[in-house]
1. Please list, ordered by chain and number, the residues whose modelled amide H lies under 5 Å from the amide H of Leu88; skip anything fewer than 5 residues away on the same chain.
2. On a 24 Å Cα-Cα criterion, which of the cross-link pairs Lys32/Lys121; Lys3/Lys190; Lys121/Lys190 come out too long?
3. Among Leu92, Ile115, Ile162, which residue has its Cα positioned farthest towards the positive end of the charge dipole of region 4-195, with +1 placed on the Cβ of Lys and Arg, -1 on the Cβ of Asp and Glu, and the dipole taken about the Cα centre?
4. If each of Ser167 and Ala179 carries a label point 7 Å out from its Cα toward its Cβ, how far apart are those two points in nm?
5. What residues have an amide H closer than 5 Å to that of Asp158, excluding those fewer than 5 places away on the same chain, when H is modeled at 1.01 Å from N in the peptide plane?
6. Got a sec to turn the phi values of region 152-163 into Karplus ³J(HN,Hα) couplings, 6.51 cos²θ - 1.76 cosθ + 1.60 with θ = phi - 60°, whole Hz, x for Gly and Pro?
7. Post the alpha-carbon centroid distance, region 93-158 to region 1-68, in whole angstrom.
8. Any chance you could tell me what percent of the C-alpha pair distances in region 4-195 go past 24 Å?
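Only the coordinates and a few stated rules stand behind these numbers; no lab work does. Just so it is clear, the model here is predicted, and its values are computed rather than measured. Cβ atoms come from the backbone with ideal geometry, glycine included; neighbour counts cover every protein chain shown.
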Amino acid sequence: MSKVRIAVLISGGGTNLQSILDAVKTGELDLKVACVVSNRKQAFGLNRAEAAGVPAYYIGIGNYPDEIERENALLNLLVSERIDLVVLAGYLNILPSSVIAAFKDRIINVHPSLIPRHSGKGFYGIKVHESVISSGDAVTGVTVHYVDEGVDTGRVIDQVEIQVQESDTAEILSKRVLAYEHELLVKVLKDLINNFGGGYES
């Protein structure tokens, strides 16, 4: 059976992408990273993809100023690459409804909190951890969930809890949480592949 083909969508440094690439290289993940897409031209994650020999694409306002054309470019790329599963790994953009519809229950996202806490519109990056600290939460975590039409509202696949230390700042907490993001994302991908017996129907 053919390997699951995934597309990883990023906006920044791509450390979650790197965790996937590393797991594929060591054999921990038996899948094919078919392409990497960024909505930011200067995202370092594109360099990570190219270094690993993975096709890397920039699809953003700079090269597709028209929103409809931009959405179509993303959808057409995912279809042409025969993508089975779309992985949002630090992708700071709302997916168009056309992509969500075409890949229903085949898009996952990693979020740096215990959804529904500190999630939804406006909760991304360091803002999530600032909210955790300001709320005085004793526990935070990481969530991997399916993507639907809402923001961080899709069905939760897996979560891991992380204790918040008294000495934590938002910046310190973000670094600790990121390490757990890497682990949980790889774990979920492994579970999904196993559950589908090594491949999706194309």
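1. Hits under the 5 Å cutoff: Leu9, Ile108, Asn109, Val110.
2. Beyond 24 Å between Cα atoms: Lys32/Lys121; Lys121/Lys190.
3. After comparing all options, I get Leu92.
4. 1.3 nm
5. Val144
6. 6, 10, x, 4, 6, 9, 7, 9, 9, 8, 9, 6
7. Cα centroid to Cα centroid, the span is 19 Å.
8. 37 percent
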